[in-house]
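*Asks:* I have a structure here, written as structure tokens, and I will follow up with some questions on it.
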Amino acid sequence: MDWNIAPLLSDPAAWAALVTLIVMEVVLGIDNLIFISILTNKLPAEQRTRARRIGIGLALGMRLVLLSTIAFIVGLTAPVFDLGFAGSPDSHGNPTFETAFSWRDLILIAGGLFLVWKATKEIHHNVDPVPTHDVLDKKAPVAMNFGAAIFQIILLDLVFSIDSILTAVGMTDHVPIMVAAVIVAVTVMLLAADPVANFIHKNPTVVMLALGFLLMIGMVLIAEGFGVHVPKGYIYAAMAFSALVEGLNMMSRNAQKKKAAQAQPPAAH
């Protein structure tokens, strides 16, 4: 890995790599931001912004720490044990799945299982008409404490940070480019955190959509842990299409409310 920054300043290829990596890191940060937004919305109002900033700050800190131990992080992809099973070869000659697990695979599987468990549990409680005291249940009173929220954010920050850094390593050998891309991407997350969280909080149907995203992301993490490559473009295209449909639904509901308000006779004086 190259830490020398001076030659990069006049290298067009380095700037192109930086822009590409920034875009990739911002897109990968969407998953992290959705989880942080939903989780912190269950805190008391006066604690939400602080919790989001701490959570995103921890995400930045973890990424920078991981970059400082880049050789160790790359070593996480080395297999630690193999169950001896593999799928049939795909069109490129690679197995469709494999059970030679590295530490990265195990971390992705653990993080994916956590997301699937959390999202499934909260979808159930959002559908259940009986109010509960669950963490993400919008019908429940605020029952989560600050420490519990930060602890869960740290767990997912670790998973997303490792995935983010390994993606960066796969795109460039220049550590300064990785550092710059990570800082810019996390800054964008920090600026978008409050608007995204407020939007999710004010639109209950968006909460269900976001939980569905987390469920899908969890399944993708588990699949990747088993060596199944799922193109990220398909995932984010599905998320964008779902968000577009939900946006049309929201516009339709707002138009119906306006028509209903206009149809009401004026109040008698």
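The values are calculated or read from the model by the stated rules, or taken from the named source; none is laboratory data. Model, not experiment: these values are computed from the prediction. Please note: Cβ atoms are built from the backbone with ideal geometry, for glycine as well, and neighbour counts cover all protein chains shown. Ligands, DNA and RNA are stripped out before the accessible areas are found, and what is left, the full protein with its side chains, is counted by its heavy atoms. Shrake-Rupley method; radii C 1.70, N 1.55, O 1.52, S 1.80 Å.
*Asks:* Spin-label point model (7 Å from Cα, Cβ direction): what's the ILE154 to LYS258 distance in nm?
*Replies:* Label-label distance for ILE154 and LYS258, simple model: 4.8 nm.
*Asks:* How much accessible area per residue does the stretch 42-91 have, counting only protein heavy atoms and a probe of 1.4 Å, in square angstrom?
*Replies:* Accessible surface, normalised per residue, equals 57 Å².
*Asks:* Oh, and also: I want to check the label-to-label distance for LEU64 and HIS124. Put each point 7 Å from Cα in the C-beta direction and report it in nm to one decimal.
*Replies:* Once both label points are built, they end up 4.1 nm from each other.
*Asks:* At a Förster radius of 45 Å, what calculated FRET efficiency corresponds to the Cβ-Cβ distance of SER88 and PHE199, to the nearest 0.05?
*Replies:* Once rounded, the FRET efficiency stands at 0.55.
*Asks:* Non-local amide H neighbours of ALA100 (under 5 Å, H modeled in plane, Pro and chain starts lacking H): which ones?
*Replies:* The answer is LEU83.
*Asks:* What's the ranking of 60-69, 249-258 by average number of surrounding C-beta atoms within 10 Å, highest first?
*Replies:* Highest mean packing first, the order is 60-69, 249-258.
*Asks:* Sort 183-194, 12-23 by packing, meaning the average of other beta carbons within 10 Å per residue, with the highest value first.
*Replies:* Going by the mean number of other Cβ atoms within 10 Å, highest first, we get 183-194, 12-23.
*Asks:* Whole-Hz ³J(HN,Hα) for each residue in the stretch 51-67, computed from phi via Karplus 6.51 cos²θ - 1.76 cosθ + 1.60 with θ = phi - 60°, x for glycine and proline: what do you get?
*Replies:* Using θ = phi - 60°, the values come out as 5, 4, 5, 5, x, 6, x, 5, 4, 5, x, 4, 5, 5, 5, 5, 5 Hz.
*Asks:* Ignoring ligands, DNA and RNA, what percent of the 1.4 Å accessible area of the stretch 201-254 is carbon and sulfur?
*Replies:* Reported share for carbon and sulfur atoms: 76 percent.
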